[in-house]
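Read through the structure below, which is laid out as structure tokens, and then see the notes.
The values are calculated or read from the model by the stated rules, or taken from the named source; none is laboratory data. All values reported here derive from a predicted model rather than from experimental measurement. We place every Cβ from the backbone using ideal geometry, glycine too, and count neighbours over all the protein chains shown.
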Amino acid sequence: AKYGLDNLSAEKFRPYLDTVADQLQIHINEAHEINACAHKVIQGCEKMQFSWKPAQRNVKQCALTGHCLAGCPSDRKMSSLVTHLPWAAAYGARIFSDTEVVKVRTRNGRASGVEARVTDPDSGAHVADMQVDADLVVLAAGAIHSPLIMQRSGVEDRSGQ
Ligand SMILES: Cc1cc2nc3c(=O)[nH]c(=O)nc-3n(C[C@H](O)[C@H](O)[C@H](O)COP(=O)(O)OP(=O)(O)OC[C@H]3O[C@@H](n4cnc5c(N)ncnc54)[C@H](O)[C@@H]3O)c2cc1C
Ligand code: SF4
């Protein structure tokens, strides 16, 4: 409320998080998903009288191979690569890889598309420029790059934040 972002209250945001959690099969780890190393941590917590609880994960029928940090080789981890991206493609979305958004284009104070650079994934060489015109632009380049793209695009927040 302090910054006028009333739509981002925990209460209003919760239903969206719940929907995504359902879609990505996020669940509290079951007993068989908690390994020996974690059991040592649990023992330590209990000895020190620290509270503990199992983590939640977005995984479907985990095979317990322990390769998650390098990418799940059997596609059981419900990452965007096996969920929202192919689902969007099935609805007609076009996905451009190796394509970096340089700036968001604006028309009459509204975002109207993006300008992007396409690179060769092997050499990193700049191979083409691209422009996308769109009625709706969603900027989701992460906490570091979204503000940088907005800055490059000259669309800093008018509130001064
Ligand atoms: C090591 C690590 C472990 C984590 N573990 C967990 C965890 O266990 N549970 C949890 O809930 N969260 C975890 N997080 C946090 C979570 O990953 C992030 O909060 C979340 O991924 C942010 O999502 P996002 O879509 O906003 O941005 P990102 O996932 O960062 O996606 C931004 C995308 O934009 C792309 N991009 C950036 N600039 C451009 C550009 N100019 N043009 C085109 N594309 C661009 C990037 O390549 C990236 O694919 C972890 C984070 C890290 C770093
Ligand atoms: S890599 Fe996949 S199958 Fe293996 S432990 Fe991680 S989520 Fe489970």
**OP:** Go through the residues of the range 112-123 one by one and say whether even a single one is surrounded by fewer than 11 Cβ atoms within 10 Å (Cβ to Cβ) and without any contact (Cβ under 8 Å) to a residue 12 or more places away in the chain.
**Re:** yes
Original post:
If you take the residues of the range 69-82 that are of a type outside the set (Gly, Ala, Ser) and away from ligand 1 (no atom under 11 Å from the Cβ), which of them is nearest to HIS27 (Cα to Cα)?
Top reply: MET78
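Step by step: first the residues of the range 13-63, then only those that are part of a loop (DSSP other than H, G, I, E, B) and touching a Cys at 6+ places or on another chain (Cβ under 8 Å), then the one that is farthest from ligand 1 (Cβ to nearest atom). Which residue is that?
SER51
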**OP:** List the number of the failed condition for HIS84; all other conditions in (1) under 16 Å from the mean Cα position of the chain (by Cα); (2) loosely packed, with under 12 Cβ neighbours inside 10 Å hold.
**Re:** (2)
Original post:
What pairs can you find where one residue is in the range 129-152 and part of a helix (DSSP H, G or I), the other is of a type outside the set (A, V, I, L, M) and away from ligand 2 (no atom under 16 Å from the Cβ), and their Cβ atoms are less than 7 Å apart, with a gap of 6+ or different chains?
Top reply: ILE149/LYS103; MET150/GLU156; ARG152/LYS103
Original post:
Does GLY66 fit the bill of being within 16 Å of ligand 1 (Cβ to nearest atom), out of contact with any Phe, Trp or Tyr (no Cβ under 9 Å at 6 or more places or on another chain), on the phi > 0 side of the Ramachandran plot and of a type outside the set (Lys, Arg)?
Top reply: yes
Original post:
If ALA31 passes every condition in (1) more than 19 Å from the chain's Cα centre (by Cα); (2) surrounded by 12 or more Cβ atoms within 10 Å (Cβ to Cβ) but one, which one does it miss?
Top reply: (2)
Subject >> Test: ALA116 is more than 30 Å from ILE34 (Cβ to Cβ), small (Gly, Ala, Ser) and not in a helix (DSSP H, G or I) >> reply: yes
Original post:
(1) basic (Lys, Arg); (2) in a loop (DSSP other than H, G, I, E, B); (3) closer than 30 Å to ILE28 by Cβ: which one isn't true of ARG94, the others all being true?
Top reply: (3)
**OP:** Select from the range 1-50 the residues that are hydroxyl-bearing (Ser, Thr, Tyr) and within 28 Å of CYS68 (Cβ to Cβ) and write down the one among them that is modelled with the highest pLDDT.
**Re:** THR19
**OP:** Could you tell me whether the range 123-134 includes any residue that is charged (D, E, K, R), closer than 23 Å to LEU85 by Cα and out of contact with any strand residue (DSSP E or B) (no Cβ under 7 Å at 6 or more places or on another chain)?
**Re:** no
